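For reference, the structure is listed below as structure tokens.
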There are 2 protein chains.
Amino acid sequence: MSSPGISAATDIRTILPPVLITQESLRFLQAHSLLNLSQVSHCLRSDSRAPWTPTMSTTTTTTISPPVATQLTLIPETKIRTGLQARLAARANAHTKSTSGLAPSFLQANLIVLPSRYAADFRDLCARNPVPCPLLADSASPGDFANLRSHLPRVPEGTAIASSLDLRTDCPRFNIYNNSTLTGAGVPDIAAQWTEDHVGFLIGCSYSFETALVAAGLPPRHLVLDRNVPMYRSSIPLNPAGVFTGGTYVVSMRPYRRDDVDKIRAITRRFLPTHGECVAWGWEALARLGIADIDSPQWGDAPLTMDGRPLGSVWGDEDNVPVFWGCGVTPQEAVMRAGLEGVIMGHAPGHMLVLDCTEDQVLP
Amino acid sequence: MSSPGISAATDIRTILPPVLITQESLRFLQAHSLLNLSQVSHCLRSDSRAPWTPTMSTTTTTTISPPVATQLTLIPETKIRTGLQARLAARANAHTKSTSGLAPSFLQANLIVLPSRYAADFRDLCARNPVPCPLLADSASPGDFANLRSHLPRVPEGTAIASSLDLRTDCPRFNIYNNSTLTGAGVPDIAAQWTEDHVGFLIGCSYSFETALVAAGLPPRHLVLDRNVPMYRSSIPLNPAGVFTGGTYVVSMRPYRRDDVDKIRAITRRFLPTHGECVAWGWEALARLGIADIDSPQWGDAPLTMDGRPLGSVWGDEDNVPVFWGCGVTPQEAVMRAGLEGVIMGHAPGHMLVLDCTEDQVLP
């Protein structure tokens, strides 16, 4: 089955099977100015992941237009329109959930915090593996949680990346590792654990190219089905760097029609600082990537066909071709694999740091 | 057998087996200030690759000191001490041979010249695969053979990379491809083929880190044995970019003692713009790299033990561990594999473009 495009007057039921629509998926589409909720808001239930059945008549169509202020009462998170607002909301624990769809067009970043003795090797790891580990910025000096040094070619140093920053509080949720063992999951801040010896690293995140795919009428399947993107440990070796040896790419997967792959590659090509274009595509790519079972991702939710069957059940289908990208889980995996000593911290999965710079500012 | 270090008063016979010493290998060592020829010059023969038997007594030792001017008459190529001198000598066809060991400490580069319609994709290919394809610079605009745009973080734009440059003449020898078929091998210039639509790309070259290994007393085996470095087509996939799909890493190999691998990795780590640290090491790495036969490289000379046996004959020997680096043949292979149309040009293998900037200027 194909992944249909979104255009004005698209019948929403052709995009989102009624039983699978939730507030979260609607919020994503609306946050990206692709859906006017006014015609379907009466159908929404308050529990965000519970399915609902639309009461629209079969002839109702959904107008695609920018959201208007009066609709924001339904979805208060969309009041967060800038990176600074997102960070302040996270700092105040006013926003504690995933940052998916938050502050559209503002760059989001994975956060990894390491003891300074590993910083040079980690910087090398990123420089040598820019597709899965695109380094956007790091602490201006060890211990500095407020000032960043940019590694983006098009953003000047300092506050243009993130003003009034506090890396210890500005992700909605954090994870903490002691000697490579998870000791704190989803904690609200890392102020007590941060020391003068810690260095923060910001790694690009695929949320930005997903926005571009949605805008092009090629929304990623997991967004349409309101699931997490499936992520797989591949056999593609990372270029080793210092203590970081033996790592492999983690890849994210979004199924598309074979005929759309060239378009998908072209759309995501400019997003170099956020993984860029696909690393592999096609059913035959699974063997090359060392992925034994498409239905058993190591992270995220198992991929489905549009009608809810396991993707592996349509193996070989040219309308459901797996397309793979480098994934920001890669550097986290490399860090864990290296068995580092001391306190390591990061954002909790999906709970990113939102920056001040927009995609248009940093992309070619 | 180990790959011994070089230090003052080293017995030269422990480094270079007498039957294998040639002018070329001596020239390399001397060019890198590691050998004073005054004590052995009476032994040199005029044919550069022919072996010779030393007439030194078994107790003679060789003093390691900088070369002096009076010795230069023996090896006129070492009069070329700067990048500009090397380019002018190539332009005048005064130097027509390999640039190995020429103008020590000056950066050397692989040259690839493409029709402009492929330039953006090739730039992406390099940005996404910086270890095998480290892009140093490219034509400031299509058709420009004299001015470069730097991609090195530490060199300002323009003439600091290469002053008075002519990409059409300044490599000692060139290759020419028409519609991806080699139509001119080892030609002295590409002035007739260069058009307003051509874009030149300079890719980092491993000669610089080889110099560092020699200086550290860990000379690459192929230099000691006066052979070409062996290069292998590996199964590590390149991150695809536009028209450049399906490519894989080409890797170069230098055998070392297992105990020296960490030192080797550390020495080559800072050479990010010239492939940087090793990508794999150890006998077990061959399977991971998809290299079936260590004794059958796709390019260069087959590797040998220090006493001249095929390296594969000592499989598993911890004193002869294969160590692999990303190789500048990779982008050439990717270009050939892409089946591009039109006229493509490059340096002839080993006949590099020598730049004005030194390693110390561009390396961290």
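What follows is calculated from the coordinates using simple rules that are stated; it is not laboratory data. Note that this is a predicted model, so its numbers are computed, not measured. Ideal geometry is used to build each Cβ from the backbone, glycine not excepted, and the neighbour counts take in all protein chains shown.
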Query - Neighbourhood net charge (13 Å Cβ-Cβ; Lys/Arg +1, Asp/Glu -1) for A:Pro230 - result: +1
Query raised in the report: What is the distance in Å between the Cα centres of region B:79-100 and region B:131-152?
Result: 20 Å
Query raised in the report: Which lysines have a Cα less than 21 Å from the Cα of A:Lys79, not counting those fewer than 8 places away in the same chain?
Result: A:Lys97
**Report entry** Under Karplus coefficients 6.51, -1.76 and 1.60, residue-wise ³J(HN,Hα) of region A:251-261 in Hz, glycine/proline x
**Finding:** 10, 9, 10, 9, x, 9, 5, 3, 5, 8, 4
Query raised in the report: For A:Gly186, which sequence-distant residues (separation of 5 or more, or a different chain) have an amide H within less than 5 Å of its own amide H, given hydrogens modelled in the peptide plane?
Result: A:Phe174, A:Asn175, A:Ile176
Query raised in the report: Which distance in Å, rounded to a whole number, links the C-alpha centroids of region B:339-364 and region A:213-286?
Result: 32 Å
Query - Average Cα contact separation per residue, region A:247-304, under 8 Å, 6 or more apart, as relative contact order % - result: 17 percent
